[in-house]
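To keep things clear, I will list the structure first and then write my remarks on it.
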Amino acid sequence: MRRWIRKLFIIGLIGIPSLIIALGVGVTAVFGWSFLQQTLLLADSVLVPYKPAHIGYRKLPGFWPTLPEPGTKLGTIVIPAVNIKAPVVQGTTWDILKLGVGHYAGSPLPGQGGNVVFSGHRDTVFTNLKHVKVGDTVTFDSPYGPFVYRVTSIKIVPKTDPNIVVPSKSPELTLTSCYPFVYIGFAPDRFIVRATPVSEPSVTAGTRYRASERGRDNVKKSP
Amino acid sequence: MSLRWKLVLPLVAGITLLVPSTATWAASSSSSSTQQAAIRLEDALHALQIPHVSLLFAYLESIQLSSQEVSQITQNAAQMQKIMGNINSPNQLTLAQKEEALRLFISSAALAHLQVATVLTNGQPVNLLTYVAQPGNPLLIELEDEQGKLLATIHPQYYDVQPKYLNSFIHNVAVAATSARILEQSKTFVPVPHGQLPVTASNTPLKIAIGLGLILIGAMTFRPLYRVAQKLES
């Protein structure tokens, strides 16, 4: 009996650290894979592109005639100065934000006027947003062509600030992420980058045109 | 210039000025009613205890609701209020009343071009006819679009599943449908008036760090424990 207890004790002595290691490997593998999918493998992820074809939806004139479905890819956001390039998808729920930068569905889409809001995780797609400076260029490559913005302000606000995701009369782009960028738990603040439009494509259906940023009447074909 | 022209010219000028200002007034009045509808829709969705309203708001604004659909939703709300009028808890409803209430609820959602899925927090589907509201058995109501894409999740707490809440719930569905129809007739996208900043924090790196920490702890304790085990064995 004593021998049997001793054997059990020995198995426990070796088994407990082995179990801890196995648990650690499992946790690291599951969340590491999820992290890889949201960062390095993001460009390879297969997303359903926007198609304005739903029956029963209101049709608006201009860009994005019908509402994109949640999770559909609207385009790609590129901020060359800080090496950000990520897909933009419709919606900002927990699951959708794993697919890339989310467009807040309650805000207009680029080209519709008003305050366009894009949000991304501080530890995946928007990690480098902390390095953005006033004057940097933000490009949103859409199915209609590139919408180009220039950063005009950067600020940090509490997460409950009611003055960020609000309608505006003039067109602008608001990028949001959590702040501090390195924080254990749910970050209490938000990092806000505001940008104003520099140029946008022409609404001409089926072709990709870009209007001159200086407001000239002529339109140029996108390169 | 004749006297007649002296009288006519200011009149023409007045009408010329009045017409655009009337048009501007009409446009601003229409814009104001659209804004009011947007506020009512957002408030109604918040009253339905939906934490993130943006997807549902945009969806309701974009679907084409007919006036018949809106009036039927309003009628359903009135019928629901009759059913809930004389009870203190939904558990007191008879099976027939439950069936009728459920039919009205599903019908209202379908009229608003929504699909409803009722599940427990572990994802198990729930039959509302046999569901007994009690603490520790929380219910999630998932609202999906016609393609089955999740738009919003309602998290009613036990103390919320009371006739007063259910009455207000149905009333707010009717308010939302009425407001959505006004917004849908707008020729532009009407944004959420008081949007909340999305939650952009994820704890994935922290969880990876915890996993690595566990591996480290396991590795550090393995060697000394293995030595102890060897000593015991010998």
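Any read-out appearing in this document is the output of simple, stated calculations on the displayed coordinates, not a laboratory observation. Worth saying up front: this structure is predicted, and the values here are computed from it rather than measured. Neighbour counts are summed over all protein chains in view; Cβ atoms, including those assigned to glycine, are modelled from backbone coordinates with ideal geometry.
A few points about this structure:
- Residue ID - surrounded by the most Cβ atoms within 10 Å (Cβ to Cβ), chosen from residues in region A:12-61 that are within 26 Å of B:Lys187 (Cβ to Cβ) and aromatic (Phe, Trp, Tyr): A:Tyr50
- If you check A:Leu74, A:Leu47, A:Leu109, A:Leu40 for being within 24 Å of B:Ala112 (Cβ to Cβ) and not in a helix (DSSP H, G or I), only one passes: A:Leu109.
- Here is the figure for region A:109-120: residues that are facing chain B (nearest Cβ under 9 Å) and buried (at least 24 other Cβ atoms within 10 Å of the Cβ) total 4.
- In region A:144-162, residue nearest to the other protein chains (Cβ to nearest Cβ) [restricted to those that are in contact (Cβ under 8 Å) with a residue 60 or more places away in the chain and either over 18 Å from the mean Cα position of the chain (by Cα) or surrounded by fewer than 13 Cβ atoms within 10 Å (Cβ to Cβ) (or both)]: A:Tyr144
- Any hit, region A:185-193, residues being more than 9 Å from chain B (Cβ to nearest Cβ) and touching an Asp or Glu at 6+ places or on another chain (Cβ under 6 Å): no
- Scope region A:5-41; condition of a type in the set (S, T, N, Q) and in contact with an Asp or Glu (Cβ under 7 Å, 6 or more places away or on another chain); matching residues: none
- For region A:92-126, a residue qualifies if it is of a type in the set (Gly, Ala, Ser) and either out of contact with any helix residue (DSSP H, G or I) (no Cβ under 8 Å at 6 or more places or on another chain) or touching a residue at least 24 places away in the same chain (Cβ under 8 Å) (or both), and the qualifying residues are A:Gly100, A:Ala105, A:Gly106, A:Ser107, A:Gly111, A:Gly113, A:Gly114, A:Ser119, A:Gly120.
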